[in-house]
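Asker: Pasting a structure below so you can have a look.
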Amino acid sequence: MIKDLKKIFTPADIVLIIILLFISGLFLWGIKNEFQAKEVEIYYHNELIEKCSIKDDRIIELDKGIEIEIKDGKVRMKESTCKNQFCVKQSWSDRFPIICVPNEVSIIIKSKKEEMLITR
């Protein structure tokens, strides 16, 4: 079997395959680390109300009838007093922001890496 591979691949082909595998591994490792450490920022009437890890399971009540739930690395608007309920219908998110325009609520999901770049 090794003799067959020697006929198919030259030493340059083997080096190229090893380099491509190494680069692919680095790329996948970088993606994994980028999405692991996330924080949720909750704004109410344009004020930062809460900043916490997306890994913390909790329910945050902003006002009567306005609740945000963080669970299993995702966040959602659990309840809202707005008329059309688009923010509630958006359901769980771990990447995209959730906005409730009538109640002036914004839920922003940021990676800690992104935050470190902004503060420098």
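Asker: Provide 74, 7 in ascending order of the number of other Cβ atoms located within 10 Å of each residue's Cβ, fewest first. All intermediate terms of the calculation are to be shown ahead of the outcome.
Answerer: Numbers: 74 16, 7 7.
Result, fewest neighbours first: 7, 74.
Asker: Of the peptides 52-59, 10-17, 104-111, how do they stack up when ordered by the mean number of other Cβ atoms within 10 Å, highest first?
Answerer: Packing order, densest peptide first, comes out as 104-111, 52-59, 10-17.
Asker: Please compute the modelled spin-label separation between residue 26 and residue 67, points set 7 Å along Cα→Cβ, answer in nm with one decimal.
Answerer: About 4.8 nm separates the two model spin labels.
Asker: Find how much the distance from residue 57 to residue 14 grows on full extension, using 0.36 nm per residue of separation minus their present alpha carbon separation; answer in nm with one decimal.
Answerer: Working it through step by step, the gained length comes to 10.7 nm.
All of the numbers you see were taken from the coordinates with simple rules; none came from a lab. Computed from a prediction, not measured in an experiment: that's the story for all the values here. Please note: Cβ atoms are built from the backbone with ideal geometry, for glycine as well, and neighbour counts cover all protein chains shown.
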